[in-house]
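**Q** What follows is a single structure, and I will ask about it in a moment.
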Amino acid sequence: MLAWAVVAWCLGFAAVNLVYEASDRFARGAYAQDARALSIISWLVVALKVLGAAAALLTVTDRWPSVSTNLRAVLVWGAFALLGVYSVGNVVIAAGLALGLGGSREEITAKGIGYVVFFLAGAAGYGALALSFSRRSGAPRRYALLGIAGAPLLLAVILGALPALLSALGLLPKS
């Protein structure tokens, strides 16, 4: 049941990007000059969210026996770690705002709190799936560690290297 909730979390989250793409949300307004780059990032994120849904599904089905237990462990632990690291970063930012460090308490909104809670829920879901899958499958711990170690690298690519590449290609303003 939890795996299906995580699948729904991922696909619902991907639907947001699809709505943005279908509506040309970034083609107008403050982000219009960045619309092409934002579209590229949006499609990459959709692919990652669909991969995340597949990783969750792979923890509870043997429908695709060609996907090894070890790869399943890497994927589910990686999803947990990626969302966990991202969530911890958001909590630290929120705590800093609450304490008046680098911003003000007025910047904390219900929408912002909902955002943090949304990602914490995703991380918790993947964490429970990862633990359950590892126990049931007997996957060696080194694959969990590989997924956990790879997550910050993927996050760095998404948040750092990809925008830098898009800037170098002239699709995003250099910052």
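The values are calculated or read from the model by the stated rules, or taken from the named source; none is laboratory data. Computed from a prediction, not measured in an experiment: that's the story for all the values here. Here Cβ is always computed from backbone atoms with ideal geometry, including for glycine, and neighbour counts include all displayed protein chains.
**Q** Considering only the range 28-49, state which residues are surrounded by fewer than 14 Cβ atoms within 10 Å (Cβ to Cβ) and either closer than 17 Å to Leu172 by Cα or in contact with a helix residue (DSSP H, G or I) (Cβ under 8 Å, 6 or more places away or on another chain) (or both).
**A** Matches in the range 28-49: Arg28, Gly29, Ala30, Tyr31, Ala32, Gln33, Trp43.
**Q** Then there's this: If Val91 satisfies all but one of (1) among the aliphatic types (A, V, I, L, M); (2) within 24 Å of Leu38 (Cα to Cα); (3) surrounded by 11 or more Cβ atoms within 10 Å (Cβ to Cβ); (4) modelled with pLDDT of 90 or more, what's the number of the condition it fails?
**A** The single condition Val91 does not satisfy is (2).
**Q** Now, a different point. Collect the residues in the range 140-153 that are at pLDDT below 95 and either buried (at least 16 other Cβ atoms within 10 Å of the Cβ) or in a loop (DSSP other than H, G, I, E, B) (or both), keeping them in residue-number order.
**A** Listed by number, the residues that qualify are Gly150, Ala151.
**Q** Further, regarding this structure: Considering only the range 26-75, state which residues are of a type in the set (D, E, K, R) and free of Cβ contacts under 8 Å to residues at least 60 places away in the same chain.
**A** Of everything in the range 26-75, those that are of a type in the set (D, E, K, R) and free of Cβ contacts under 8 Å to residues at least 60 places away in the same chain turn out to be Arg28, Lys49, Asp62, Arg63.
**Q** Please find, among Gly170, Gly103, the residue that is of a type outside the set (Phe, Trp, Tyr), surrounded by 14 or more Cβ atoms within 10 Å (Cβ to Cβ) and not in a helix (DSSP H, G or I).
**A** Gly103
**Q** Taking the range 3-36 on its own, how many of its residues are of a type outside the set (Asp, Glu) and either at pLDDT below 90 or in contact with an Asp or Glu (Cβ under 6 Å, 6 or more places away or on another chain) (or both)?
**A** Within the range 3-36, residues that are of a type outside the set (Asp, Glu) and either at pLDDT below 90 or in contact with an Asp or Glu (Cβ under 6 Å, 6 or more places away or on another chain) (or both) number 11.
**Q** Assuming Arg72 fulfils every condition listed in (1) modelled with pLDDT under 95; (2) under 18 Å from Ala128 (Cβ atoms); (3) surrounded by 14 or more Cβ atoms within 10 Å (Cβ to Cβ); (4) not hydrophobic (A, V, I, L, M, F, W, C) apart from one, which condition is it?
**A** (1)
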